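Coordinate-derived values only; no laboratory data. Everything numeric here is computed off the predicted structure, so don't read it as measured data. Note that each Cβ is placed from the backbone with ideal geometry, even for glycine, and that neighbours are counted across all protein chains shown.
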Amino acid sequence: MLVNGAENYYRAAARSIRSILKRSPFDVYVACGQQKLSTPASSARIRMKILDTAPSSRRDRAYPFLLKFDAISCCLEDTNAEWLIMLDADTLLATQIQEEDIARVLDGLPIGMVEQTGIRGSSMTRRDFLEHYKNYTLAWFDPGVIVPDLDQFRFFNSGVVLGHRSEFEKIVPWAQSKIRSSKKNHEVGIHMIADQDYLQFWTNTLHPGICQSLPWKWNHCEHWDIDFPRDGAIFYHFSNFCNGPTRKLLFRMAWLDIKARQWNRHANF
């Protein structure tokens, strides 16, 4: 998990980390900026790394999100974890999970994400997301590349990413090299090109078929799920278009953490 920026990101991350410690046996690796992260009393399961978050000379607005690849790089260097879950700071683990659940749901593939199927309040469909992918992600990475077929394309959301260590060991150096060598800002028009675009380009264009399309419950997000919050979710995700956690959102995370304890039963994976 990367935690950087406004104070509320740190508060949301602390809530997220507590949910992981309560409902899984997993260690938590947190890469953060200079601000102190308040976590459960010195848990031996938490590893912290302070990143150099000084902005590049280009002042790229995607920079805080692209730091996720540096965070994963540090995690790979400092741990020997076989399986990794990359999480946004505004996610909440709602039910008990084990390492074998990750291997089972990936079903032989090295990485998995949930497909974003729409945007609440809009009529967005997969076809619209493919058009967005072509006009922005592909336009930034390689405008001449072949656009994926609609039935093969998935607009994967990077709020929750499951993966084997070996796959992250391929993705991270590729992404870091691309980020550092790029002579242009990470944007096309008003749209920012960030970590999700890198992961989508990796899974849809460079290595199609490599990513498992996970069931909704692995990333139940109010950004596109109309009936949020729904019982049976594994991870709740409070995405809000990169605007950062509000005070109200922090209260809602706390409330849902309590509800999760009431609903808590091992998910039917």
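Projecting the Cα positions of Leu84, Phe238, Leu106 onto the charge dipole of the chain (unit charges on Cβ atoms of Lys, Arg, Asp and Glu, taken about the Cα centre) puts Phe238 furthest along the positive direction. Its Cα centre serving as origin, segment 1-155 has a Cβ charge dipole (Lys and Arg +1, Asp and Glu -1) of approximately 700 debye.
Using a Förster distance of 35 angstrom, determine the FRET efficiency expected from the C-beta separation of Ile46 and Leu206, and round it to 0.05. The partial results should precede the final answer.
Details: r = 33 Å, r/R0 = 0.96.
The formula returns an efficiency of 0.55 here.
Lysines within cross-link reach of Lys217: Cα-Cα under 25 Å, excluding same-chain residues under 8 positions apart? Straight-distance partners of Lys217: Lys22, Lys68, Lys248, Lys259. For segment 1-154, the relative contact order is 24 percent, taking Cα pairs closer than 8 Å that sit 6 or more residues apart in sequence and dividing their mean separation by the residue count.
Excluding same-chain neighbours fewer than eight residues apart, the aspartates and glutamates reachable from Lys183 by a Cα-Cα span under 12 Å are Asp60. Taking every C-alpha pair closer than 8 Å and separated by at least 6 residues, the mean separation divided by the residue count of the chain gives a relative contact order of 26 percent.
Counting Lys and Arg as +1 and Asp and Glu as -1, each charge on the Cβ, what is the dipole of the chain about the Cα centre in debye, to the nearest 20? Write out the running numbers ahead of the final one.
On the way: 33 positive and 30 negative charges, 181 e Å.
Charge dipole, the chain, about its Cα centre: 860 debye, nearest 20.
Please work out how much length the chain gains when fully extended from Trp83 to Ala103, using 0.36 nm per residue of separation minus the C-alpha to C-alpha distance, in nm with one decimal.
Numbers: separation 20, 0.36 × 20 = 7.20 nm, distance 0.82 nm.
The span from Trp83 to Ala103 would gain 6.4 nm if fully extended.
May I ask you to derive the FRET efficiency for Gln96 and Phe228 from their Cβ-Cβ distance with R0 = 25 Å, giving the value to the nearest 0.05?
Details: r = 21 Å, r/R0 = 0.84.
It comes to 0.75.
Could you give the dipole magnitude of segment 164-225 about its Cα centre, charging the beta-carbon of Lys and Arg +1 and that of Asp and Glu -1, in debye to the nearest 20? Please list the in-between numbers first.
Details: 7 positive and 7 negative charges, 71 e Å.
Charge dipole of segment 164-225: 340 debye, to the nearest 20.
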